[in-house]
Amino acid sequence: MSRKLRILIAKPGLDGHDRGAKVVARALRDAGMEVIYTGLHQTPQMIVEAALQEDVDGVGLSILSGAHMTLFPEVMKRMCEEGLEDRLLFGGGIIPGEDVETLQKQGVGKIFGPGTPVQAIVDYIHETVRVGDV
Amino acid sequence: MTGPPGAGKSTLVEKMTALFRKDGQTVAIVAVDPTSPYTGGAILGDRIRMSSLFCDPGVFIRSMATRGSSGGLAFRTREVCDLLDAFGKDVIIVETIGVGQAELDVADTAQTTVIVLVPESGDGIQAMKAGLMEIGDLFVVNKSDRDGADRLMVEIQMMLDLRPQCEGWRPGVMRTTASAGEGVDELVRQIQGHRDYLKKYGILGRLRKDNVRSAIVDLVRQRLEEKFWENAGIRSVLDRLAEEAAGGKMSPYQAFERLLEAREQNGMKPSTNKEQSDHVR
Ligand SMILES: Nc1nc2c(ncn2[C@@H]2O[C@H](COP(=O)(O)OP(=O)(O)OP(=O)(O)O)[C@@H](O)[C@H]2O)c(=O)[nH]1
Ligand SMILES: [Mg+2]
């Protein structure tokens, strides 16, 4: 039996639009994953605490507020501090290409723009996440 | 904490936890949500109502999906609770999935079972009598900011009058408005009251034994069933028999007997004799 993937979908920052995050959460569930959804207005500390307690394989951030250049690195830094550096950090939102490049150099995974078919996200997680021990 | 979907279980858990923390107790929360039987996936959303607790190092929250367990908890919820206990958590709160009448595993797992209802549950209370209502140590009418809370309280009291009384404990019935934090202090008091009662009457040891007992029974059920299906060939025999039974050539009972025979003949050594096979659905 293969291990179930557990993914945290989080919505940091001040903007109140979580439609995108919910659509992704449902798509991942429909692909057989267990999705921990924590709701709006999460701080990086809240996100990483939840990721740690839930022992997730990956963390997906939905960021539309424009604060991605502070939020992603902050979450990344805290994940490393908590020993979660081997977990996938990915995201979605409207983020300029050069910023994406900068973030990926820091170890952030793929960032999906608006209009990405959800299947692309599902495939990416399946390809990227370690599925080591059962 | 158990009760119908959306009754406010998670909201109550958050507010209760805040009170336990004020009192200096550490808290672990195990929140269960259902796995989709079609996709095997799950959305675990109980945390949405608990975000005020995320950064408190005295609170640990773990979400679990049922993964095919039908009793309202996950197969491993009990073990997770044992671990959290071993880690020294003072209070362990288990939130079941939103239940109907039949998902009652929590009663064998928890020391105190709290049933959370809402005013609208009144209509269903007759139907619930034969299940959910029998396992409650405490009853909460949440969302009592809405009409009908008083009537439901009376109905629950009447139902409790008919229930076999047990010495030393009559379940408390109380109203809360979890979203506003109202009545939660009384709930916490009554939970502690129930714990005092369990101690005073020496019931904790018996509960522990019942708990372990049903853990063993669960294991028998799981392991025997796993064993039964572990030979690759057995599934194709099942397919063939199902087709024949669907075509009217035999009943499911006959198909079941044939499945057992096929398993024995194929050198799929049966782990069950006839009697035990009743456990292997
Ligand atoms: N009016 C009112 N709404 C409440 C009250 N308590 C909770 N709610 C709301 O009821 C909805 C469901 O609350 P939850 O705490 O998620 O309920 P739940 O029982 O955990 O739900 P499931 O885990 O999905 O079964 C939320 O929108 C809450 O804000 C209350 O006392 N009054
Ligand atoms: Mg809930």
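The values are calculated or read from the model by the stated rules, or taken from the named source; none is laboratory data. Everything numeric here is computed off the predicted structure, so don't read it as measured data. As a convention, Cβ positions derive from the backbone with ideal geometry for all residues, glycine included, and neighbour counts pool all protein chains shown. Accessible surface areas use protein heavy atoms only, side chains included; no ligands, DNA or RNA. Shrake-Rupley method; radii C 1.70, N 1.55, O 1.52, S 1.80 Å.
Residues of the range B:12-22 that are in contact (Cβ under 8 Å) with a residue 12 or more places away in the chain and either within 8 Å of ligand 2 (Cβ to nearest atom) or not polar (S, T, N, Q) (or both): B:12, B:13, B:14, B:15, B:16, B:18, B:19, B:20, B:21. If you filter the range A:50-73 down to residues that are assigned to a helix (DSSP H, G or I) and within 14 Å of chain B (Cβ to nearest Cβ), you find that the one that is surrounded by the fewest Cβ atoms within 10 Å (Cβ to Cβ) is A:52.
Close contacts from the range B:173-193, counting a first residue that is assigned by TED's automatic domain parsing to the domain that holds residue B:52 and a second that is more than 16 Å from ligand 1 (Cβ to nearest atom) and in a loop (DSSP other than H, G, I, E, B), with Cβ to Cβ under 8 Å and a gap of 6+ residues or different chains, come to B:191/B:112. For the range A:12-49, filtered to residues that are among the charged types (D, E, K, R) and assigned to a loop (DSSP other than H, G, I, E, B), the residue that is surrounded by the fewest Cβ atoms within 10 Å (Cβ to Cβ) is A:15.
From B:45, B:41, grab the single residue that is without any contact (Cβ under 8 Å) to a residue 60 or more places away in the chain and open to solvent by 10 Å² or more (accessible area, probe 1.4 Å). Every option except B:45 fails the conditions. Taking the criterion of being more than 7 Å from every other protein chain (Cβ to nearest Cβ) and of a type in the set (Lys, Arg), the only residue of the range B:31-49 that qualifies is B:49.
Take residue A:121 and tell me if it is touching a residue at least 60 places away in the same chain (Cβ under 8 Å) and within 14 Å of chain B (Cβ to nearest Cβ).
When the stated conditions are applied, residue A:121 passes them.
Against the definition (crowded, with 18+ Cβ neighbours inside 10 Å and in a strand (DSSP E or B)), how does residue A:84 come out, yes or no? For residue A:84, the condition - crowded, with 18+ Cβ neighbours inside 10 Å and in a strand (DSSP E or B) - is not met. Please verify whether residue B:36 is within 15 Å of ligand 2 (Cβ to nearest atom) and of a type in the set (Ser, Thr, Tyr), treating the condition exactly as stated. Answer is no for this residue.
Okay, residues lined up against (1) within 16 Å of ligand 2 (Cβ to nearest atom); (2) free of Cβ contacts under 8 Å to residues at least 24 places away in the same chain; (3) open to solvent by 20 Å² or more (accessible area, probe 1.4 Å); (4) more than 14 Å from chain A (Cβ to nearest Cβ):
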site	(1), (2), (3), (4)
B:65	yes, no, no, no
B:69	no, no, no, no
B:85	no, yes, yes, yes
B:90	no, no, yes, yes
B:96	yes, no, no, yes
B:102	no, no, yes, yes
B:108	no, no, yes, yes
B:114	yes, no, no, yes
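When the range B:175-212 is filtered for residues that are assigned to a helix (DSSP H, G or I), of a type in the set (Gly, Ala, Ser), within 16 Å of ligand 1 (Cβ to nearest atom) and open to solvent by less than 60 Å² (accessible area, probe 1.4 Å), only B:178 remains.
Among residues belonging to the range B:27-38 that are open to solvent by 40 Å² or more (accessible area, probe 1.4 Å) and farther than 19 Å from residue B:4 by Cβ, point out the one that is farthest from the chain's Cα centre (by Cα). Across the range B:27-38, the extreme among qualifying residues is B:38. Residues of the range B:154-174 being surrounded by 13 or more Cβ atoms within 10 Å (Cβ to Cβ) and not in a loop (DSSP other than H, G, I, E, B), which ones? Once the filter is applied, which keeps residues that are surrounded by 13 or more Cβ atoms within 10 Å (Cβ to Cβ) and not in a loop (DSSP other than H, G, I, E, B), the range B:154-174 yields B:155, B:156, B:157, B:159, B:160, B:169, B:172, B:173, B:174. The single condition from (1) closer than 28 Å to residue B:180 by Cα; (2) surrounded by 22 or more Cβ atoms within 10 Å (Cβ to Cβ); (3) within 14 Å of chain A (Cβ to nearest Cβ) that residue B:52 fails is (2).
Taking the range B:213-237 as the range and being open to solvent by less than 60 Å² (accessible area, probe 1.4 Å), of a type in the set (A, V, I, L, M) and over 24 Å from residue B:252 (Cα atoms) as the test, only B:215 passes. Can you find a residue that is closer than 23 Å to residue B:106 by Cα and modelled with pLDDT under 90 anywhere in the range B:168-178? Scanning the range B:168-178 turns up at least one residue that is closer than 23 Å to residue B:106 by Cα and modelled with pLDDT under 90.
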